[in-house]
Amino acid sequence: MSGSIVFLEEGGLAGASDFGRSQRSCGARGEHPETTTVELARSCHYAVRGLVFLAARSHPDEPVLLRDIAVATNAPEAFLSKIFQSLRAAGIVRSHRGTSRGYALAGDPAEISLYDIVVATEGPASLHTSDAVAAEGGGPFAKVWTDVESLIANRLRSTTVKDLVSLPAEGTGGGGQARLE
């Protein structure tokens with residue numbers, strides 16, 4: 001069984017309570033599921049891409065125009081503006097005005113976790129089960145799912161923007177900026 005993270009378009013199926021929803025793909029003849037999907041909204045995806053872009057620069061503390069971040073990450077500038085406002089409010093990025101205006105990381109990329117980004121863009125409720133699992137209230141599946149959520153949250157807490165920058169891009173054999181599309 002393999003896992004993947006699916007990023008949905010804004011306004012798609014993923015809401016704050018959908019983070020832990022499991023989507024099963026069954027093969028022919030009733031085979032076991034081959035994938036488990038965790039869904040996050042497109043805003044989180046764009047936030048990660050933008051932050052990795054800032055962290056991968058030779059001077060991540062120097063501000064970059066939002067327009068340049070949008071072009072580099074292939075994200076809609078207006079939507080990215082709203083996302084970066086949330087990241088600024090969470091203390092993940094700083095905004096600069098004046099001649100050197102733009103956005104820069106507010107801290108060390110090694111200290112910015114994926115958990116921080118998910119909470120900043122989706123809210124803390126995004127890391128909890130859907131109402132259907134919660135309604136089971138203490139049943140055996142609810143207990144297992146609580147453990148799964150804990151594993152996901154811990155993995156997000158232990159993975160940083162710096163970790164993502166050092167991942168090889170798809171189709172390359174070495175380090176470099178990860179391709180987050």
### Summary
A78: passes all of (1) modelled with pLDDT of 55 or more; (2) within 12 Å of T121 (Cβ to Cβ) but (2)
### Message
Quick test for you: out of R29, R57, pick the one residue that is surrounded by 13 or more Cβ atoms within 10 Å (Cβ to Cβ), more than 23 Å from G123 (Cβ to Cβ) and modelled with pLDDT under 95.
### Response
R57
### Task
Starting from the stretch 57-75, keep only residues that are free of Cβ contacts under 8 Å to residues at least 24 places away in the same chain, then list their pairs with residues that are surrounded by 12 or more Cβ atoms within 10 Å (Cβ to Cβ) and in a helix (DSSP H, G or I) whose Cβ atoms are within a distance under 8 Å, requiring at least 6 positions of separation or different chains.
R67/E77; A70/E77; A70/L80; A72/F53
### Hits in the stretch 66-103 (condition: outside any helix (DSSP H, G or I) and within 18 Å of the chain's Cα centre (by Cα))
N74, A75, P76, A90, G91, I92, V93
### Query
Quick one: in the stretch 153-169, which of the residues that are over 22 Å from P124 (Cβ atoms) and in contact (Cβ under 8 Å) with a residue 60 or more places away in the chain is surrounded by the most Cβ atoms within 10 Å (Cβ to Cβ)?
V165
### Task
Could you tell me which residue of the stretch 152-181 is nearest to A106 (Cα to Cα), considering only residues that are among the polar types (S, T, N, Q) and modelled with pLDDT of 85 or more?
T160
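Those residues that are assigned to a helix (DSSP H, G or I) and in contact with a Pro (Cβ under 9 Å, 6 or more places away or on another chain), I need them from the stretch 37-60; list them, please. Working first, answer last.
The initial filter retains those residues of the stretch 37-60 that are assigned to a helix (DSSP H, G or I), namely 42-56.
Of everything in the stretch 37-60, those that are assigned to a helix (DSSP H, G or I) and in contact with a Pro (Cβ under 9 Å, 6 or more places away or on another chain) turn out to be Y46, L51, V52, L54, A55, A56.
The values are calculated or read from the model by the stated rules, or taken from the named source; none is laboratory data. All values derive from a computational prediction rather than experimental measurement. All Cβ positions, glycine included, derive from the backbone under ideal geometry; neighbour counts span all protein chains shown.
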